[in-house]
Amino acid sequence: MRVLVAGATGVIGRQLVPLLTATGYEVTALSRSGRPVGGPGVRAVAADALDRAALTAAVREARPDAVVHLLTAIPAEIDPRRMTRDMALTSRLRTEGTRNLLDAARAAGAGRVITQGVAFGYDPDAGHGPADEDQPLWDNPPAQMRAPATAVKELERLTAEADGLVLRFGHLYGPGTVYAADGSTVRQIRNRRMPVVGQGTATFSFTHTHDAATAVVAALGRPVNGVLNIVDDEPAQVGAWLPELAAILGAPAPRKIPTLLAGLVAGPVGVAFMTRLRGADNARARLALNWRPRHTTWRDGFVAELGEK
């Protein structure tokens, strides 16, 4: 099977491309730079997803049977008070870029489309406990989150129109992410600049980038459409995972600050991320894809990535 990976140089793509070649797929790695990724046998091509003509030509030449959409342009560090600005290019890639890519895939005869969604956009007021895929996404998040959230919904709508599959990944960790040893979140934790806000009641569902990649490989081999949560088995509140991650890093315990003070510093989005997010449930992906995360819990995953070697 010929697979085109759009966003092949990103944190998931760098894990995915070698897995695909190792399991017998013929891979075209598409990125804006066209930088080689994945070793021998991978064809690297350069195209900007926002340049419709160039993208269409690149996809047509690749003649893929399947297209995997991992295109993002997320900054290494996001200012929650300016999230709309910081996520603007990613929002365009999730709307205009998705439309261009799926149209190109359709014109090239690709029969399978898999796209990257997010598993931490569920409405926190719609229920309790980890959300399954039938739960509603957040319709009225804080103002700076609205444009990015709308872009994710548009990506999912376009994927559904193409009879594709959206894999909703959790908070990504692993090489190249904000939770890597040199990532911005780890740096903030080491410097005691990431506090527990209020009671730390936001629930995070984490996904290691390798587990995200294995889910894509599993999905390529199964005729599953719709949406699936690709997360580990242990959703955890900030009040639990943040102090434990600090201990794994050998960093000082995080400070605790009131919600009101956090709002003055980080704005409504910062407060929402630390107090309101809802975790996700992976049971449907386990059944539909016969997929299992290698890192079943963030505890083991963080130790493997960031603990003493």
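Charges at C-beta only: +1 for Lys and Arg, -1 for Asp and Glu. How large is the resulting dipole of region 113-211 about its Cα centre, in Debye rounded to 20? Working shown, then result.
Details: 8 positive and 12 negative charges, 161 e Å.
Result for region 113-211 is approximately 780 debye, rounded to the nearest 20.
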Between helix 98-108 and the chain: long-axis angle, C-alpha atoms, 0 to 90°, nearest 10: 20
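With +1 on each Lys and Arg Cβ and -1 on each Asp and Glu Cβ, and nothing else charged, work out how big the dipole of region 69-156 is about its Cα centre, in Debye to the nearest 20.
Details: 10 positive and 13 negative charges, 95 e Å.
With Lys and Arg at +1 and Asp and Glu at -1, about 460 debye.
Order these peptides, 25-33, 83-91, by their mean beta-carbon neighbour count within 10 angstrom, highest first.
Working: 25-33: 21.4, 83-91: 18.1.
In descending order of packing, they fall as 25-33, 83-91.
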Debye-sum result for region 89-158 in log10 I(q)/I(0), which assumes one identical scatterer on each alpha carbon, at q = 0.13, 0.23 Å⁻¹: -0.44, -1.01
Estimated distance in nm for a label pair at Thr201 and Glu77, the labels positioned 7 Å out from Cα along Cα-to-Cβ: 3.0
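State to the nearest 20 debye the size of the charge dipole of the chain about its Cα centre, where the only charges are +1 on K and R beta carbons and -1 on D and E beta carbons.
Numbers: 35 positive and 30 negative charges, 128 e Å.
The calculated dipole for the chain is roughly 620 debye.
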The chain: angle of helix 259-275 to the longest principal axis, Cα-based, in degrees nearest 10: 50
Calculated log₁₀ intensity ratio I(q)/I(0) where the Debye formula runs over C-alpha points of region 1-106, q = 0.17, 0.24 Å⁻¹: -0.73, -1.26
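What share of Cα pairs, in percent, lie more than 23 angstrom apart in region 161-309?
Details: 4352 of 11026 pairs.
Cα-Cα pairs of region 161-309 separated by over 23 Å account for 39 percent.
Report for the chain the percent antiparallel among DSSP-assigned beta bridges with both residues inside it, nearest 5. Please list the in-between numbers first.
Numbers: 3 of 36 bridges.
Here the share of antiparallel DSSP bridges comes out near 10 percent.
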Helix 13-22 axis, angle to the chain major axis (alpha carbon atoms, nearest 10°): 50
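Taking 25 Å as R0, compute the FRET efficiency from the Cβ-Cβ separation of Thr296 and Lys256 and round it to 0.05. Spell out each step's value before the answer.
Numbers: r = 29 Å, r/R0 = 1.15.
Efficiency at R0 = 25 Å is approximately 0.30.
Which peptide among 122-130, 103-111 comes first, and what is the full order, when sorted by highest mean count of other Cβ atoms within 10 Å? If you can, show how the numbers build up before the last one.
Values: 122-130: 15.2, 103-111: 17.9.
For the peptides 122-130, 103-111, the packing ranking is 103-111, 122-130.
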Overall dimensions of the chain by Cα: Rg and Dmax, Å: 18.9, 56
Theoretical FRET efficiency, 1/(1+(r/R0)^6), r = Cβ-Cβ of Leu19 and Asp134, R0 41 Å, to 0.05: 0.90
Whole-Å distance, taken between Cα centres, linking region 62-90 and region 274-309: 22
Charge-dipole axis of region 152-309 as Lys and Arg at +1 and Asp and Glu at -1 on Cβ define it, positive-most pick from Ile257, Phe273, Val196: Ile257
Inter-part distance where region 182-249 and region 154-169 are each reduced to a Cα centre, Å: 22
Listed residue (Ala218, Pro235, Ile248) projecting farthest to the positive dipole end of region 189-249, Cβ model: Ile248
Estimated 222 nm signal from helices in the chain, with DSSP H stretches of n ≥ 4 weighted -39500 (n - 2.57), rounded to 500: -12000 deg cm²/dmol
Dipole of the chain, positive direction: furthest Cα of Ala285, Val118, Gly38, with charges on the beta-carbon: Gly38
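We did not get these values from a lab; they are worked out from the coordinates using the rules stated. Source: prediction; values computed, not measured. Note: ideal-geometry Cβ built from the backbone for every residue, glycine included; neighbour counts use all protein chains shown.
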